[in-house]
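Remarks on the structure that follows.
The values are calculated or read from the model by the stated rules, or taken from the named source; none is laboratory data. Keep in mind that this is a model prediction, so the values were computed, not measured. When we count neighbours, we look across all protein chains shown, and the Cβ atoms used for this are built from the backbone with ideal geometry, even at glycine.
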């Protein structure tokens, strides 16, 4: 059968619906079809039960939508997320399950505030000169507008989620769950407020999670200095003003003559100091001289050494990235401007040994402004995660939660084994406020959900409201609880644990793992039974998409040009779980032609069965063996596709149905059917009509999870004698097997 993808309008044919007499136009049908789906109520499993489409005791299939950030347009990664999840939902709904997809939107804390700060900068304003309440209200208005736009984009992708259950991460019900968990962690002594090293962005003036910290490979100078009898190395001489401890491994024979705690007088940047020898296994005999000085306020490793030995630590660099008075003549200078001047002074003192001009290392930077992160000690709220991680690993051992790939499970286990206490404080306005009071005298922190604490429980000093907000990952880590209405709702009883969590592999540490930990902590059960992680969507050359490279592809652009079904197929075929995929518009265009092919196949079949009565034709003889073989092959294909779907290999299922429809049904079956339909043998004609209809209806069902718009459009415009006893809406029609 010829493709005829650019089919021109034909003259009126009374034997087929008028809609098939012109080419398929995605823009003409997609919004109309989605509106019909949504108005039917069938995205809601309760409606499907009421209408008799789903049995009340049917197996539940529930997934929680990773809430997209409500601060802008969807990107290509979102296109993949919603495509995979919608395929899961449509397939399981057609399998007769109580299928529930719980949607929502994320306030996205720091991410959204940064977006809004850029808007303020263009207007000549700064958040630092605004009243916090005014800033919060402005961001709320901005977010609500963006949220509505973003939800329409999700609809345009065909997402069959239950919008009647949609949540926003700042809804009162979500905040209540977050606060209850916060209080429970305190009661169970898993929460504390303490001074520890955090990732600090001097531009945005907040601590950041590891996810918000990118690591950039840079080539800098590496300096070697004389530190008394030792030679030390550093890439950051600007931090060395407070270095008064020199650390070496206890077994390093080169320093056997020095004892732990020994005092040494030496000349340093701003004059003579007294240094103390510290013997600690963190010292690396293989690195440089094996001796190093430590700056506990500005290094996580140094902080841990200082804490182990009860050492002093002092801040060298302020919150804006400028040197403090301890730096003497360099006070008030930015660390960037001061670096070479400090080196020059050490050189003049005869303390510079050498400079390595090509030192390559990984530098932590703010992922939004690319400014180098400054580790700082700051009082923050922390969760003790060791116990939570232990329970999560136990659940994985018992296969209460499984991963679709071994690689993902290894990554999960490795991170859980190495997990550290979790800083859940952020110094931003936009987010869920931390319900706590801080003592102005002793700095003690007290959880205060009901806002009733008036004085410090430790020293009776005056208290103030904690100005910080929760890390977004703390609130979103409880998303499966919030969306199912934990702890008392029917949804929680009927759908928790949910069936599968599908999201990007890059956030397995920061979201997936934390949902598992907090889900088990709050309920005793994992929040989902399976984890499916997809890879990154790259450009057609395999490059990471970025605005700076000019290679960003938005779903909307592709949908407008090729149609949503073509985009969905382009995202799925050859896209195995966990692997990165290249989004090539030429590939998507091929699936636009495939959508036209399906349309043309449907038109041909309808023309061929114009006199079909709907009566079943009985296979009478061996002469009918070709029809037997066609139906047998169709059943075989249906079983293979179903097997792929059950194993979450949607890439293989999509490819299988594509090749069957194009290369078997269209190229072979339809071509060999033409003389049979045109022949004089009534029995052969009717039997082939029945075979063609079976092939068409089955193909539409198998294609529907992947290409819902074109298949639903065709289905709803099939004549009654063709549909027979089938349901009038394809999305709730029974799966072929």
Residue among 570, 556 that is modelled with pLDDT under 95, within 38 Å of the chain's Cα centre (by Cα) and not in a loop (DSSP other than H, G, I, E, B): 556
Can you tell me which residues in the stretch 501-531 are within 17 Å of the chain's Cα centre (by Cα), buried (at least 23 other Cβ atoms within 10 Å of the Cβ) and not in a helix (DSSP H, G or I)? 501, 502, 527, 528, 531
Of the residues 33, 84, which is under 22 Å from residue 102 (Cβ atoms), touching a residue at least 40 places away in the same chain (Cβ under 8 Å), in contact with a helix residue (DSSP H, G or I) (Cβ under 9 Å, 6 or more places away or on another chain) and not in a loop (DSSP other than H, G, I, E, B)? 84
Here, helices (runs of 4 or more DSSP H) confined to the stretch 638-722 with at least 2 residues that are on the phi < 0 side of the Ramachandran plot, surrounded by fewer than 20 Cβ atoms within 10 Å (Cβ to Cβ) and not assigned by TED's automatic domain parsing to the domain that holds residue 404 are 650-659, 671-678, 682-703
Would you mind finding the one in 551, 575 that is surrounded by fewer than 19 Cβ atoms within 10 Å (Cβ to Cβ), part of a loop (DSSP other than H, G, I, E, B) and under 23 Å from the mean Cα position of the chain (by Cα)? 551
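With the structure loaded, tell me whether residue 593 is modelled with pLDDT under 95, surrounded by fewer than 21 Cβ atoms within 10 Å (Cβ to Cβ) and assigned to a helix (DSSP H, G or I) or whether it fails that test. Let's see the steps before the verdict.
Details: modelled with pLDDT under 95: no; surrounded by fewer than 21 Cβ atoms within 10 Å (Cβ to Cβ): yes; assigned to a helix (DSSP H, G or I): yes.
When the stated conditions are applied, residue 593 does not pass them.
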For the structure I just gave you, tell me whether residue 88 is more than 17 Å from residue 495 (Cβ to Cβ) and either under 15 Å from the mean Cα position of the chain (by Cα) or outside the structural domain of residue 431 (by TED's automatic domain parsing) (or both). no
Look at residue 342 and say whether it is more than 38 Å from the chain's Cα centre (by Cα), within 26 Å of residue 248 (Cβ to Cβ) and at pLDDT 95 or above. yes
Return only the number of the condition from (1) part of a helix (DSSP H, G or I); (2) touching a strand residue (DSSP E or B) at 6+ places or on another chain (Cβ under 7 Å); (3) modelled with pLDDT of 95 or more that residue 110 does not satisfy. (3)
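A quick yes/no check of all residues on (1) buried (at least 16 other Cβ atoms within 10 Å of the Cβ); (2) modelled with pLDDT under 95; (3) out of contact with any helix residue (DSSP H, G or I) (no Cβ under 6 Å at 6 or more places or on another chain):
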position: 360; (1), (2), (3): no, yes, yes
position: 367; (1), (2), (3): yes, yes, no
position: 385; (1), (2), (3): yes, no, yes
position: 396; (1), (2), (3): yes, no, yes
position: 404; (1), (2), (3): yes, yes, yes
position: 407; (1), (2), (3): no, yes, yes
position: 413; (1), (2), (3): yes, no, yes
position: 438; (1), (2), (3): yes, no, yes
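In this structure, does residue 138 turn out to be touching a strand residue (DSSP E or B) at 6+ places or on another chain (Cβ under 7 Å) and over 18 Å from residue 161 (Cβ atoms)? Outline the logic, then answer.
Details: touching a strand residue (DSSP E or B) at 6+ places or on another chain (Cβ under 7 Å): no; over 18 Å from residue 161 (Cβ atoms): yes.
No.
Somewhere in the stretch 485-496, is a residue assigned to a strand (DSSP E or B), crowded, with 21+ Cβ neighbours inside 10 Å, in the same structural domain as residue 165 (by TED's automatic domain parsing) and in contact with a strand residue (DSSP E or B) (Cβ under 6 Å, 6 or more places away or on another chain)?
Taking the stretch 485-496 as the starting set, the residues that turn out to be assigned to a strand (DSSP E or B) are none.
No, the stretch 485-496 contains no residue that is assigned to a strand (DSSP E or B), crowded, with 21+ Cβ neighbours inside 10 Å, in the same structural domain as residue 165 (by TED's automatic domain parsing) and in contact with a strand residue (DSSP E or B) (Cβ under 6 Å, 6 or more places away or on another chain).
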Would you mind stating whether residue 538 is under 26 Å from residue 209 (Cα atoms) and touching a strand residue (DSSP E or B) at 6+ places or on another chain (Cβ under 6 Å)? yes
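A quick yes/no check of all residues on (1) outside any strand (DSSP E or B); (2) at pLDDT 95 or above:
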| residue | (1), (2) |
| --- | --- |
| 174 | yes, yes |
| 177 | yes, yes |
| 183 | yes, yes |
| 192 | no, yes |
| 195 | no, no |
| 198 | no, no |
| 204 | yes, no |
| 214 | no, no |
| 220 | no, no |
Subset of the stretch 234-280 [without any contact (Cβ under 8 Å) to a residue 40 or more places away in the chain, touching a strand residue (DSSP E or B) at 6+ places or on another chain (Cβ under 6 Å) and assigned to a loop (DSSP other than H, G, I, E, B)]: 250, 258, 260, 262, 280
Looking at (1) within 13 Å of residue 80 (Cβ to Cβ); (2) assigned by TED's automatic domain parsing to the domain that holds residue 703, can you tell me which one residue 578 breaks? (2)
Single unsatisfied condition, residue 629 versus (1) surrounded by fewer than 20 Cβ atoms within 10 Å (Cβ to Cβ); (2) at pLDDT 95 or above: (2)
Of the residues that sit in the stretch 281-307 and are within 37 Å of the chain's Cα centre (by Cα) and without any contact (Cβ under 8 Å) to a residue 40 or more places away in the chain, which one is surrounded by the most Cβ atoms within 10 Å (Cβ to Cβ)? 302
